[in-house]
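The values are calculated or read from the model by the stated rules, or taken from the named source; none is laboratory data. Quantities reported herein were computed from a predicted structural model and do not represent experimental measurements. All Cβ positions, glycine included, derive from the backbone under ideal geometry; neighbour counts span all protein chains shown. With ligands, DNA and RNA removed, areas are computed over all heavy atoms of the protein, side chains included. Shrake-Rupley method; radii C 1.70, N 1.55, O 1.52, S 1.80 Å.
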Amino acid sequence: MNRTKPLSVHYRGITMPALVHSEQSVRYAQQDFIVRDRDVFNLTYPKSGTTWMQEILTLIHSDGDPTWSRSVPSWERVPWIEQITAAGYLEMRPCPRLISSHLPCSLFPKTFFTSQAKAIYMIRNPKDVCVSLYYYAKMSSFLEFKEDFGEFIDMFLAGKVLFGSWFDHVKGWLRLRDSKNVLLLTYEDLLKDLQGSVTRICQFLGKDLPDPAIDSVVQNASFSTMKENKMVNYTLVPESIMDQKVSPFLRKGISGDWKNHFTPEQSAQFDQFYQEQMREVDVKFSWDT
Ligand code: A3P
């Protein structure tokens, strides 16, 4: 990797990895991208289960048939709207298009808000997001990393990580939670009941799948199956960019791993910051499934 290039792109206060983003690509997503009524968006703050939802949406789209998810990389099946390669590529895709995004609500394509497009916003408890992001930064050559976990928590709470503050991201998107075109899910809900969650997603999308197809979605989107699928486990990415010997991309896939990383003091500091930031927000997480 060319270390003389800056690691990050900054757009309206949000930091993104320069490896796959540019100011132009994000401006295009926000200002020029035309959302279509049948588009389906997979919206997340990073490390909240984006890849998992990419797999689930692909499999639902294919009526449970895993051929597509085993032959095409996840980032091509459900590409990120804000990334450099998205523009021309997404315009050529037939409807319904499956599209991912980490953009905060304030930078989302303007045409989304007047469309009938559907969006699933998945949230994950932020202590686990912080741990997952720590390992992701450690194994990636394209992200800022602080070896000291305490310093990394400070960066996370200050929003000095990719896609900015978790708190702002979640609060921004939760404002749309009552829209009939937005489905709010938690990573922990999926962990507890993947079958029920897939059924809910199908209902939301108006997709009537028979039970064997639902079973296939659940089986093929399980952590163990995804870990073996090179079209989703990121082993196609060169080691110089993601070193999976340092930490696998599909790392643990559990809830509550924060307890193995936060000291009691760090946890209390995090909780206090959470209370201050989320005082007015009605959202419940399970912190330790
Ligand atoms: P961990 O690092 O805690 O293991 P994203 O796709 O947004 O980058 O999120 C990555 C996180 O989602 C990783 O968390 C990864 O292991 C987890 N994940 C991906 N697929 C999963 C699955 N099928 N079941 C549970 N967790 C999954």
Practice problem: Consider GLY64 carefully, then state whether it is open to solvent by less than 70 Å² (accessible area, probe 1.4 Å) and without any contact (Cβ under 8 Å) to a residue 24 or more places away in the chain. | Solution: no
Quiz prompt | Checklist (1) β-branched (Val, Ile, Thr); (2) farther than 25 Å from LYS230 by Cβ; (3) open to solvent by 40 Å² or more (accessible area, probe 1.4 Å) applied to VAL26, failing item | solution = (3)
Practice problem: Only one of these is within 16 Å of the ligand (Cβ to nearest atom), closer than 29 Å to LEU7 by Cα, part of a helix (DSSP H, G or I) and not β-branched (Val, Ile, Thr): PHE152, PHE142, PHE163. Name it. | Solution: PHE152
Quiz item: Looking at (1) in contact (Cβ under 8 Å) with a residue 24 or more places away in the chain; (2) within 19 Å of the chain's Cα centre (by Cα), which is the one condition that is false for ILE214?
Solution: (2)
Quiz item: basic (Lys, Arg), within 11 Å of the ligand (Cβ to nearest atom) and open to solvent by 50 Å² or more (accessible area, probe 1.4 Å), is that true of LYS245?
Solution: no
Quiz item: So which of LEU133, LEU103 is in a loop (DSSP other than H, G, I, E, B), open to solvent by less than 40 Å² (accessible area, probe 1.4 Å) and at pLDDT 95 or above?
Solution: LEU103
Practice problem: Write out, first by first residue and then by second, each pair whose Cβ atoms fall under 6 Å of each other, whose residues are 6+ apart or on separate chains, and whose first residue, in segment 151-173, is open to solvent by less than 10 Å² (accessible area, probe 1.4 Å) while the second is of a type in the set (Phe, Trp, Tyr). | Solution: PHE152/TYR134; TRP166/TYR45; HIS169/TYR45; TRP173/TYR121
Self-check item: Filtered residues of segment 106-123 (kept if within 15 Å of VAL182 (Cβ to Cβ) and either open to solvent by less than 40 Å² (accessible area, probe 1.4 Å) or part of a loop (DSSP other than H, G, I, E, B) (or both))
Solution: PHE108, PRO109, PHE112, SER115, GLN116, ALA117, ALA119, ILE120, TYR121, MET122, ILE123
Exercise. Pull up segment 62-81, narrow it to residues that are of a type outside the set (Phe, Trp, Tyr) and touching a strand residue (DSSP E or B) at 6+ places or on another chain (Cβ under 6 Å), then point me to the one that is nearest to ILE34 (Cα to Cα).
Key: ILE81
Practice problem: Hey, can you tell me all the residues within segment 191-207 that are free of Cβ contacts under 8 Å to residues at least 40 places away in the same chain and either farther than 17 Å from ARG124 by Cα or out of contact with any helix residue (DSSP H, G or I) (no Cβ under 7 Å at 6 or more places or on another chain) (or both)? | Solution: ASP193, GLN195, GLY196, THR199, ARG200, GLN203, GLY206
Quiz item: What do you reckon, is LYS127 in contact (Cβ under 8 Å) with a residue 12 or more places away in the chain and surrounded by fewer than 23 Cβ atoms within 10 Å (Cβ to Cβ)?
Solution: no
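Could you list, in sequence order, all residues of segment 224-240 that are open to solvent by 40 Å² or more (accessible area, probe 1.4 Å) and either among the polar types (S, T, N, Q) or touching a residue at least 60 places away in the same chain (Cβ under 8 Å) (or both)?
SER224, THR235, LEU236, SER240
Please note which strands (runs of 3 or more DSSP E) are completely contained in segment 1-80 and include at least 1 residues that are of a type in the set (Phe, Trp, Tyr).
Hits in segment 1-80: 8-11, 40-44.
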